[in-house]
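The values are calculated or read from the model by the stated rules, or taken from the named source; none is laboratory data. Model, not experiment: these values are computed from the prediction. Neighbour counts are summed over all protein chains in view; Cβ atoms, including those assigned to glycine, are modelled from backbone coordinates with ideal geometry. Calculation scope for accessible area: heavy atoms of the full protein, side chains included, ligands and nucleic acids excluded. Shrake-Rupley method; radii C 1.70, N 1.55, O 1.52, S 1.80 Å.
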Amino acid sequence: MRSRICAVCLVIVAASIGCRKTPAAAAAPAASHQSSPAAAVTAQANDPAAPPAQAVKPVPAQLPAIVATVNGDRISREEFEDAVHSLEARNGGPVPAERRDEILRNVLDQLVTYHLLEQEAAAKKVVVPETELASHLDQIKKQFPDEATFQKALAAQGTTEPKLKENIKTSLMVTEVLQEEVGPKVTVTDKDVSDFYASNQASFAEGEAVRASHILVAVPKGATPEQKAAAKTKAEGLLKQIKAGADFATLAKSNSDDPGSAAKGGDLGFFEKGQMVPSFEQAAFALKTGQVSDVVESPFGYHIIKLTDRRPPHTPPLTQVSADIKSFLTNQARQKETTKLVAELRQKSKVEIFI
């Protein structure tokens, strides 16, 4: 049975809430970090707390072994649940109960889309060079401090390196199809960019932001009191080393359980209020630049936080955000064309949904 790691993320069609492409969801405390000013424009649409647009068919609590088929290609309960779990890991918590049916239907729809595109790639006999496949696998591995951490992350996701490699291959085949069928139809001009900025300038206003690094000593869900105590003791020991003069970044690389930031010395980049879990955010914003926090507890475990920079509220000029806007508009146009392509593929395919 094939298991795709966050396969839903590999489709350009946007989900209600996103998930990571890497084989492990980072344990960083980010709730919904926006990577660019342009992302603010779509924040409301992607907010998991936003109400559903319309009523949807309930998803049963007990799922059948096969939840859907696409031209006979099965979407298993395992594949569906893997996609949901990856989505939850990316967002730092379970799917909101009030939006469960909407989001799970969205996930299933995207898995159907993924299978349609995968089949189209196979029909077109798309070939992925082994060198390209190896390059993408290496890029993923570089996000982890060492091979052991990478393998640990794979195990946490219930997968293996060969399975990951197969997932990458499939996603690259799908990407090639989209580039061939959708790419030539997408054009974004400089005027499109400037018009968008002029119409949405208020959306680019940024509040006060801080840049911080952290060391996370993770506490697994359902941990015993003894496990929690051991994690806290380890965090306190690391803090003692830092106070004695040890380099924060070096300790983060070798000790932090957040694979997304550990390789970067714990750096989380800039974030505003509302983008991190409350306990982490409160501690970070209370620090002065260069200051290190005491041990901070969050749902992820125990953190040591170092504030490295602080940025006042401001609205970036067009020159600073034009590349982000162009990327956003390009993705928006690509999504529209991809939706058309998928509709055409679905029209000539046999899709059966069993939930």
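In plain terms, the chain from Ala156 to Lys350 could stretch by 66.4 nm, reckoned as 0.36 nm per residue minus the Cα-Cα distance.
Local charge sum around Leu178 (other residues, Cβ-Cβ under 10 Å, Lys/Arg +1, Asp/Glu -1)? List each step's numbers first, then the result.
Working: positive: Arg334; negative: Glu120, Glu176, Glu180, Glu181, Glu337.
Neighbourhood net charge equals -4.
Extension gain, Ala134 to Thr69: 0.36 nm times the residue separation minus the Cα-Cα distance gives 20.3 nm.
Could you give the C-alpha radius of gyration of the range 221-355 expressed as a fraction of 2.2 N^0.38 Å, taking N as the number of residues it contains?
1.56
Treating r as the C-beta distance of Lys340 and His314 and R0 as 41 Å, the FRET efficiency rounds to 0.60.
When only alpha carbons are used to place a centre, the range 192-240 and the range 157-180 end up 29 Å from one another.
Place the peptides 198-207, 299-308, 232-241, 83-92 in order of packing, highest mean first, counting for every residue the other Cβ atoms within 10 Å and averaging per peptide. Provide the component values of the computation, followed by the final result.
On the way: 198-207: 13.0, 299-308: 23.0, 232-241: 16.1, 83-92: 20.9.
Ranked from most to least packed, the peptides come out as 299-308, 83-92, 232-241, 198-207.
If the chain linking Ala148 and Lys288 were pulled fully straight, counting 0.36 nm for each residue of separation and taking away their Cα-Cα distance, it would gain 46.9 nm. Taking all Cα pairs closer than 8 Å and separated by 6 or more residues, the relative contact order of the range 119-193 comes to 46 percent. In the full protein context, the range 258-310 carries 43 Å² of accessible surface per residue, based on a 1.4 Å probe and ignoring ligands, DNA and RNA.
Annotation: Val296 carries an accessible surface of approximately 20 Å², with a 1.4 Å probe and no ligand, DNA or RNA atoms counted. Computed from backbone phi, the HN-Hα couplings of the range 167-179 come to 4, 4, 4, 5, 5, 5, 5, 5, 4, 5, 4, 5, 5 Hz, rounded to whole numbers (Karplus: 6.51 cos²θ - 1.76 cosθ + 1.60, θ = phi - 60°; Gly and Pro given as x).
Work through the residues other than Pro313 whose Cβ is under 10 Å from its Cβ and net out their charges, Lys, Arg +1 and Asp, Glu -1.
-2
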